[in-house]
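The values are calculated or read from the model by the stated rules, or taken from the named source; none is laboratory data. Just so we're clear, the structure is a prediction, and the values are computed from it rather than from any experiment. For neighbour counting, all protein chains shown are included, and Cβ atoms are generated from backbone atoms with ideal geometry for every residue, glycine included. We work out accessible area using only protein heavy atoms, side chains counted, and drop any ligands, DNA or RNA first. Shrake-Rupley method; radii C 1.70, N 1.55, O 1.52, S 1.80 Å.
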Amino acid sequence: MKVLVIGGGGREHALAWKLKRSPSVTQVFVAPGNAGTARDPALTNVPLTDKVALREWVQANGIGLTVVGPEAPLAAGVVDEFRAHGLAIFGPTQRAAQLESSKAFSKAFMQRHGIPTAEYQTFTDPAQAHAYVDAKGAPIVVKADGLAAGKGVVVAMTAAEAHEAIDFMLLDNKLGVAHNEGGARVVIEEFLEGEEASFIVLCDGEHALALATSQDHKRLLDADQGPNTGGMGAYSPAPVVTPAVHQRAMDEVILPTLRGMAADGVPYTGFLYAGLMITPDGRVKTLEFNCRMGDPETQPIMMRLQSDLAQVLLAATRQELDRVSLDWDPRVALGVVLAAAGYPLDPRKGDAITGLPADADDGMVFHAGTAERGGAVVTSGGRVLCVTALGPDVRQAQQRAYTLAESIRFDGMQYRKDIGFRAV
C-alpha cells in the first residue's frame with residue numbers, strides 16, 4: 001500500500017517515519033514535506049498543498065491511505081474533498097475541525113454538552129473585552145479565535161498583559177487571525193491552576209482509542225518562563241496522567257465529545273487532541289481541542305509506538321477502531337525543540353544547519369522548519385528540529401536527547417535545557 005502524509009512539519013516527519021516502518025506499506029509520500037523527509041531515501045516529497053491538486057495526485061498514483069498532519073488543510077476541507085471521491089483519508093471534516101479552527105465554536109460546544117472547561121466570554125469589541133478583564137482581574141487567559149499556529153494564547157498574569165493582548169489580537173490583529181465569520185475575535189477565559197497534559201486519541205466517528213500520554217512545554221524559556229510558543233519539547237509517558245486521570249479524561253471529555261459531535265450531526269473522525277488541565281485533586285478541565293496530533297508530542301509518541309500505524313489508521317477509516325489495540329515501548333521518549341533566532345514572533349530563516357547526527361533506533365532528529373538550499377539544510381521556520389530520544393527513564397532519555405542536540409549548530413539556535421523537568 002502507498003501512503004500520503006499531508007504537511008511539512010515535525011509532526012509529519014514523525015508520522016511518515018513511523019508509517020514507512022509498517023510492513024503493509026510499500027511507499028510513503030509527504031506533501032509538501034521538508035529537508036528531513038527529502039533526505040530520507042524511504043520517503044518522497046510531493047510539492048503540492050492545494051486540496052484538489054492533492055486529491056487528483058492521489059487518484060493518479062494509487063494511494064491507499066492519506067493521513068492529514070496539520071490543522072490548515074483540515075480547516076480548508078481536504079477531508080471533505082477526498083471523501084467526496086471515495087478516497088481513504090484519516091482526519092476530521094471541515095465542520096468537525098471547527099473544534100480547533102474556532103475557539104468560540106469549541107467553547108460553546110463544551111458548554112452545550114457538559115464537558116468540563118474554564119468559564120469564558122467571547123468578544124469582537126475591544127472596549128467590551130477590556131471591561132471584562134477589568135471586572136474579572138488577573139490572572140486571566142486571552143485567546144485569538146482562529147488558527148494561530150500555537151501562538152494565539154496569552155496567559156496574562158497581570159491585567160496590563162491582558163489589555164495588551166486584547167489590543168494585539170483585536171485592534172492590531174498582528175496574528176492575522178480571522179474566525180469563521182471574518183474579522184478578529186477573542187475568547188477570554190478564567191485562569192486554571194494545575195498541570196497541563198496532552199491527551200490524544202484516534203477517533204472513527206463512534207469509537208476512541210487513546211495514544212500514549214504526553215506532556216509538552218509551551219513556554220520559550222527554562223522553568224516555564226517567557227512567551228507561549230507552539231511547544232519547545234515534550235515527553236511520553238506523562239506521570240501526571242495517572243490511571244484515574246486517564247479514565248476521567250475518557251469518561252468526561254473524549255467520549256462526551258464524540259457523542260456530542262454525533263448528536264450535532266458532525267461525526268468526528270481523525271486525531272483528537274484534548275489539552276487538559278489536571279487540578280491538584282485530580283479533576284480534569286479542557287483547555288482546548290486540536291483536530292490533529294500535537295507538535296512536538298507526536299515525535300516522542302511515534303518513537304514509542306510499536307503497532308503497525310498504517311493498519312490502525314486504515315481501521316479508523318472503516319469505523320473499526322473497537323477491534324484495535326496499541327502496543328507501546330515501555331521506555332520514556334523525550335524530544336527537545338531547537339528553534340530559530342527570533343522565535344516565536346519573528347523567526348529568522350536561511351541559517352545553515354550543521355552537525356546533524358545519523359538516525360538511530362533510540363535517537364532521531366525530526367525536521368520541522370527546514371529546507372534544502374544548494375545541497376545544504378537551512379532553517380525555514382520557527383521550530384526547526386525536534387531531537388528525540390528513548391531511555392529507560394526520563395533522566396536517561398533527557399541525557400540522550402541533549403547529547404544529540406549539542407552536536408547540532410545553526411546561528412541563533414535556541415532551546416530549553418529543562419525538557420522533562422516535571423517528571424524527573
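For Gly282, the test of being crowded, with 19+ Cβ neighbours inside 10 Å and in contact (Cβ under 8 Å) with a residue 12 or more places away in the chain is failed. Since Asn61 meets every condition but one in (1) in contact (Cβ under 8 Å) with a residue 40 or more places away in the chain; (2) polar (S, T, N, Q); (3) in contact with a helix residue (DSSP H, G or I) (Cβ under 9 Å, 6 or more places away or on another chain); (4) open to solvent by 50 Å² or more (accessible area, probe 1.4 Å), which condition does it not meet? So the condition that Asn61 fails would be (3).
Among helices (runs of 4 or more DSSP H) entirely within region 61-150, having at least 1 residues that are among the hydroxyl-bearing types (Ser, Thr, Tyr) singles out 98-101, 103-112, 126-136.
Within region 371-392, the set of residues being in contact (Cβ under 8 Å) with a residue 40 or more places away in the chain, open to solvent by less than 10 Å² (accessible area, probe 1.4 Å) and not hydrophobic (A, V, I, L, M, F, W, C) comprises Thr388, Gly391. Picking from residues in region 213-261 that are of a type in the set (Ser, Thr, Tyr) and touching a residue at least 40 places away in the same chain (Cβ under 8 Å), the one that is surrounded by the fewest Cβ atoms within 10 Å (Cβ to Cβ) is Thr242.
Residues satisfying the criterion are present in region 360-367 (criterion: over 21 Å from the mean Cα position of the chain (by Cα), open to solvent by less than 40 Å² (accessible area, probe 1.4 Å) and without any contact (Cβ under 8 Å) to a residue 40 or more places away in the chain).
Only a single item in (1) at negative phi; (2) in contact with a Ser or Thr (Cβ under 9 Å, 6 or more places away or on another chain) is not met by Gly33, and it is number (1). Out of the residues in region 19-58 meeting the condition of being in contact with a strand residue (DSSP E or B) (Cβ under 7 Å, 6 or more places away or on another chain) and among the hydroxyl-bearing types (Ser, Thr, Tyr), tell me which one is surrounded by the fewest Cβ atoms within 10 Å (Cβ to Cβ). It comes out as Thr26. Against the test of being within 15 Å of Leu385 (Cα to Cα) and buried (at least 21 other Cβ atoms within 10 Å of the Cβ), the options Ala333, Ala316, Ala339, Ala310 yield a single qualifying residue, Ala339. Pairs meeting the criteria (first residue in region 84-109 and more than 30 Å from Gln311 (Cα to Cα), second residue crowded, with 24+ Cβ neighbours inside 10 Å and small (Gly, Ala, Ser), beta carbons under 9 Å, at least 6 apart or on different chains) are Ser102/Gly146; Lys103/Ala144; Lys103/Gly146. Note on region 179-190: among residues that are of a type outside the set (Val, Ile, Thr) and open to solvent by less than 60 Å² (accessible area, probe 1.4 Å), the one that is modelled with the highest pLDDT is Glu189.
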